[in-house]
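One structure is given below, encoded as structure tokens.
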Amino acid sequence: MDKERLQHIAIIMDGNGRWAKERGFKRTRGHEAGAETIRDITTYCAEHKTIQSATFYAFSTENWKRPKIEVEFLMKLLDKYLKNELKTYQQYNIRFQAIGNIDAFSKSLQNRIRETERLTKDNSNLTQILALNYGGRAEITMAVNTLIKEGKKEIREEDISQALQTSYTDIDILIRTSGEERISNFLLWQLSYSEFYFTETLWPDFRAKELDDILQKFTQRHRRFGGL
Ligand code: IPE
Ligand code: IPE
Ligand code: MG
């Protein structure tokens, strides 16, 4: 068992809509509550000894299928979140990065994202990565196209790993909230040897305590990576 391997966690934050519905609220209230949870979990990760990166699935390439009003709300919420979080990033020494194709977002939101990346680029306790207009298949396809443009005739696994936006490390743990047990096009390449945890808890109710319990269980799992 190698505890040092716990470097990168990924979370599919799911269940905001159901959380709101259970309370008779509009779905958007669930997204607002979910944004609070990201802060709680991110600061926990920043204070954790071995976690270096935490990647959160915030908006998938498929989420454009949702009603326009919800999509617009999510874009505004993201802008507000980044604006408010800057002080948290600086206080906890957190670097912010985005993955996904943000060209599809408004110019002002793109600027907010790039500016937040720039202002936090020297922070080193944790890298918080938000997956924004992200799709695992799109990311792999983009990586292959990059390699073709570079003139590669034959592609090795390492080439693809390096060409991905998330080239830094593989994912050690994937957590999905809300009881759904699927990947929904998240980090397909990087999840090949991850440990998976599914919890019934809806994302707005997920707390650092539950994450802590999950990480405890992780240290008891035996990751064989195909060996014995
Ligand atoms: C996750 O919660 C947030 C996003 C996908 C943006 P959902 O909005 O998917 O919540 P449910 O699954 O409908 O409850
Ligand atoms: C996955 O959740 C995407 C995000 C959490 C951003 P969805 O709610 O969109 O996934 P499906 O539709 O249940 O697979
Ligand atoms: Mg969902």
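The values are calculated or read from the model by the stated rules, or taken from the named source; none is laboratory data. Since the structure is predicted, the reported quantities are computational estimates derived from the model, not experimental observations. Cβ sites come from the backbone with ideal geometry, for glycine too, and all protein chains shown count toward neighbours.
Hey, among ILE129, ILE113, ILE94, which residue is in contact with a strand residue (DSSP E or B) (Cβ under 6 Å, 6 or more places away or on another chain), closer than 30 Å to ARG224 by Cα, among the β-branched types (Val, Ile, Thr) and at pLDDT 95 or above?
Working: ILE113 fails: closer than 30 Å to ARG224 by Cα; ILE94 fails: closer than 30 Å to ARG224 by Cα.
Checking each option against the conditions leaves just ILE129.
Condition check ((1) surrounded by 15 or more Cβ atoms within 10 Å (Cβ to Cβ); (2) in contact (Cβ under 8 Å) with a residue 40 or more places away in the chain; (3) within 28 Å of THR219 (Cβ to Cβ); (4) touching an Asp or Glu at 6+ places or on another chain (Cβ under 7 Å)) across all residues:
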| site | (1), (2), (3), (4) |
| --- | --- |
| ALA46 | yes, yes, yes, no |
| ASN84 | no, no, no, no |
| PHE96 | yes, no, yes, yes |
| ILE113 | yes, no, no, no |
| LEU126 | yes, yes, yes, no |
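May I ask you to verify whether ASP172 is within 19 Å of ASP40 (Cβ to Cβ) and either surrounded by 13 or more Cβ atoms within 10 Å (Cβ to Cβ) or within 16 Å of ligand 1 (Cβ to nearest atom) (or both)?
Working: within 19 Å of ASP40 (Cβ to Cβ): no; either surrounded by 13 or more Cβ atoms within 10 Å (Cβ to Cβ) or within 16 Å of ligand 1 (Cβ to nearest atom) (or both): yes.
So ASP172 does not fit the description; no.
How many of the residues in region 65-109 are assigned to a loop (DSSP other than H, G, I, E, B), within 20 Å of ILE12 (Cβ to Cβ) and among the hydrophobic types (A, V, I, L, M, F, W, C)? Talk me through it step by step, then tell me what you get.
Just the residues of region 65-109 that are assigned to a loop (DSSP other than H, G, I, E, B), to begin with: 66-67, 93, 100-101, 105-106.
Narrowing further to those that are within 20 Å of ILE12 (Cβ to Cβ): 66, 100-101.
Among the residues that remain, those that are also among the hydrophobic types (A, V, I, L, M, F, W, C) are: none.
The total comes to 0.
Residues LEU191, LEU174: which one is in a loop (DSSP other than H, G, I, E, B) and either within 12 Å of ligand 2 (Cβ to nearest atom) or within 17 Å of the chain's Cα centre (by Cα) (or both)? First the steps, then the outcome.
Working: LEU174 fails: in a loop (DSSP other than H, G, I, E, B).
When all the criteria are applied, what remains is LEU191.
Take ALA35 and decide whether it is away from ligand 2 (no atom under 14 Å from the Cβ), touching a helix residue (DSSP H, G or I) at 6+ places or on another chain (Cβ under 9 Å), assigned to a helix (DSSP H, G or I) and touching a residue at least 12 places away in the same chain (Cβ under 8 Å).
Numbers: away from ligand 2 (no atom under 14 Å from the Cβ): no; touching a helix residue (DSSP H, G or I) at 6+ places or on another chain (Cβ under 9 Å): yes; assigned to a helix (DSSP H, G or I): yes; touching a residue at least 12 places away in the same chain (Cβ under 8 Å): yes.
So ALA35 fails the test.
For region 215-222, indicate whether the set of residues that are touching an Asp or Glu at 6+ places or on another chain (Cβ under 8 Å) and of a type in the set (Val, Ile, Thr) is non-empty. If you could, list the steps in order and put the result at the bottom.
Filtering region 215-222 for residues touching an Asp or Glu at 6+ places or on another chain (Cβ under 8 Å) gives 218, 221.
Next, from what is left, pick out any that are of a type in the set (Val, Ile, Thr): none.
Looking for residues that are touching an Asp or Glu at 6+ places or on another chain (Cβ under 8 Å) and of a type in the set (Val, Ile, Thr), one finds none in region 215-222, hence no.
Of all residues in region 1-32, which are touching a helix residue (DSSP H, G or I) at 6+ places or on another chain (Cβ under 6 Å), of a type in the set (A, V, I, L, M) and either modelled with pLDDT under 95 or not in a helix (DSSP H, G or I) (or both)?
Scanning region 1-32 gives a single hit, MET13.
Any chance region 45-64 includes a residue that's more than 16 Å from ligand 2 (Cβ to nearest atom), closer than 23 Å to ARG112 by Cβ, within 15 Å of the chain's Cα centre (by Cα) and not in a strand (DSSP E or B)?
Yes: one or more hits.
Among the residues of region 153-161, is any farther than 30 Å from HIS222 by Cα, modelled with pLDDT of 95 or more, within 16 Å of ligand 2 (Cβ to nearest atom) and not in a helix (DSSP H, G or I)?
Within region 153-161, not a single residue is farther than 30 Å from HIS222 by Cα, modelled with pLDDT of 95 or more, within 16 Å of ligand 2 (Cβ to nearest atom) and not in a helix (DSSP H, G or I).
Return the total of residues in region 21-32 being within 14 Å of ligand 2 (Cβ to nearest atom) and free of Cβ contacts under 8 Å to residues at least 40 places away in the same chain.
First, pick out the residues of region 21-32 that are within 14 Å of ligand 2 (Cβ to nearest atom): 21, 27, 30-31.
Next cut, free of Cβ contacts under 8 Å to residues at least 40 places away in the same chain only: 21.
Within region 21-32, residues that are within 14 Å of ligand 2 (Cβ to nearest atom) and free of Cβ contacts under 8 Å to residues at least 40 places away in the same chain number 1.
ALA131 versus (1) without any contact (Cβ under 8 Å) to a residue 60 or more places away in the chain; (2) surrounded by 14 or more Cβ atoms within 10 Å (Cβ to Cβ): which is the lone unmet condition?
(1)
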